[in-house]
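The values are calculated or read from the model by the stated rules, or taken from the named source; none is laboratory data. Here the structure is a predicted model, which means the values were calculated and not measured. Don't worry about glycine lacking a Cβ; one is built from the backbone with ideal geometry, like all the others, and counts go over all protein chains shown.
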Amino acid sequence: MSRSKESSGRTGRGWWARTRDRFQRSLRAARDRRAAAAIAWVADDSEGLRRRKYDSYEQYLALQRSKLETLQPEWLERYDRRYHAALAERLRQSGAVVPGSSALCLAARVGTEVRSFLDLGCFAVGIDLNPGPNNRYVLVGDFHEIQFPDASADVVFTNSLDHAFDFDRLITEILRVLRPGGRLILEVVDGEEGEGSSGMYEAAQWRRVDDLLALFTRRGFAIESQTPFQSPWKGVHVVMSR
Ligand SMILES: C[S@@+](CC[C@H](N)C(=O)[O-])C[C@H]1O[C@@H](n2cnc3c(N)ncnc32)[C@H](O)[C@@H]1O
């Protein structure tokens, strides 16, 4: 291949647009990192938990919404592929989800977990503060104020508890939309005693997964199973019923 042909692919509009997009995403991430660094962590009322002390709810919402536009598309595609397959397999193995049941996925971003539930034959939909444009699987919504009616979901799923501003409000909403006898399925990152996570968008942290689960058992949830997993991050798959 001639030298000029080799380089022509790299000088097309597509390459420049991608490079500019990558640069802009890095700049937004740097801006958010600075904003998050200025927000202190404070102990929560609940044992073993702490949360970010935002100036206002609007500041929390703005930071959470901003995350999608900082992610590099290649990273997101790779994560989407891996998490979609891994979660579908964990759901199959747990046997906690019946085909034909309705599943609501909270904080589902581009819909990765929604597609795992669809694979299992569920009627599934997600909500997220920022589902991006033209999302077929996820509607705009705040999990502290879910737009769906009481007792309308057989299953509620989330892997984003570390993004909660107010656990009391979130659990009240989960209890409201989950039908009696329904299941809550959580995937939670290890606590700080394990691998932990304290990126710039996390709003809450726990020392041990049990500290977090205590919030749910106190509100009447029973733990059916807890299964550690490694991919695409290290955490615990928890099945609860109410
Ligand atoms: C770590 S990402 C996980 C996304 C998705 N569950 C996945 O695994 O691909 C956290 C997500 O939580 C969303 N989020 C944060 N706070 C939220 C809220 N109050 N209501 C709904 N979504 C929220 C963010 O927009 C972001 O998409």
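Being modelled with pLDDT under 85 and closer than 30 Å to Leu212 by Cα, is that true of even one residue in the stretch 3-10? Write out each step before concluding.
Looking only at the stretch 3-10, we keep the residues that are modelled with pLDDT under 85, and these are 3-10.
If we keep only those that are closer than 30 Å to Leu212 by Cα too, we end up with none.
Taking every residue of the stretch 3-10 in turn, none turns out to be modelled with pLDDT under 85 and closer than 30 Å to Leu212 by Cα.
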>> Being within 11 Å of the ligand (Cβ to nearest atom), of a type in the set (Ser, Thr, Tyr) and at pLDDT 95 or above is the requirement here; does Ser116 meet it?
In response: yes
>> Take the residues in the stretch 76-110 that are under 13 Å from the mean Cα position of the chain (by Cα) and in a strand (DSSP E or B); name whichever of them is surrounded by the most Cβ atoms within 10 Å (Cβ to Cβ).
In response: Cys105
> List the pairs whose first member sits in the stretch 50-68 and is at pLDDT 95 or above and away from the ligand (no atom under 11 Å from the Cβ), whose second member is of a type outside the set (D, E, K, R) and part of a helix (DSSP H, G or I), and whose Cβ atoms are under 7 Å apart, counting only residues at least 6 apart or on separate chains?
Replying inline: Tyr54/Tyr60
> Got a number for residues in the stretch 156-172 being in a helix (DSSP H, G or I) and within 10 Å of the ligand (Cβ to nearest atom)?
Replying inline: 5
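Residue-by-condition table, conditions (1) farther than 23 Å from Leu68 by Cβ; (2) touching a residue at least 40 places away in the same chain (Cβ under 8 Å):
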| residue | (1), (2) |
| --- | --- |
| Gly95 | yes, no |
| Ala107 | no, yes |
| Gly111 | no, no |
| Asn134 | no, no |
| His163 | no, yes |
| Gly182 | yes, yes |
> Mind checking which pairs have a first residue in the stretch 224-242 that is free of Cβ contacts under 8 Å to residues at least 40 places away in the same chain and a second that is buried (at least 16 other Cβ atoms within 10 Å of the Cβ), Cβ under 7 Å, 6 or more apart or different chains?
Replying inline: Gln226/Val236; Gln226/Val238; Pro228/Val236
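Conditions (1) polar (S, T, N, Q); (2) under 15 Å from the mean Cα position of the chain (by Cα), marked per residue:
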{"residue": "Gln147", "(1), (2)": "yes, no"}
{"residue": "Asp154", "(1), (2)": "no, no"}
{"residue": "Leu161", "(1), (2)": "no, yes"}
{"residue": "Thr172", "(1), (2)": "yes, no"}
{"residue": "Leu184", "(1), (2)": "no, yes"}
{"residue": "Val188", "(1), (2)": "no, yes"}
{"residue": "Glu202", "(1), (2)": "no, yes"}
{"residue": "Val209", "(1), (2)": "no, no"}
> Of all the residues that make up the stretch 120-142, how many are in contact with a helix residue (DSSP H, G or I) (Cβ under 6 Å, 6 or more places away or on another chain), crowded, with 19+ Cβ neighbours inside 10 Å and within 26 Å of Gln72 (Cβ to Cβ)?
Replying inline: 3
> Here are some conditions: (1) assigned to a loop (DSSP other than H, G, I, E, B); (2) on the phi < 0 side of the Ramachandran plot; (3) exposed (fewer than 14 other Cβ atoms within 10 Å of the Cβ); (4) touching a Lys or Arg at 6+ places or on another chain (Cβ under 9 Å). Gly220 meets all but one. Which one does it not meet?
Replying inline: (2)
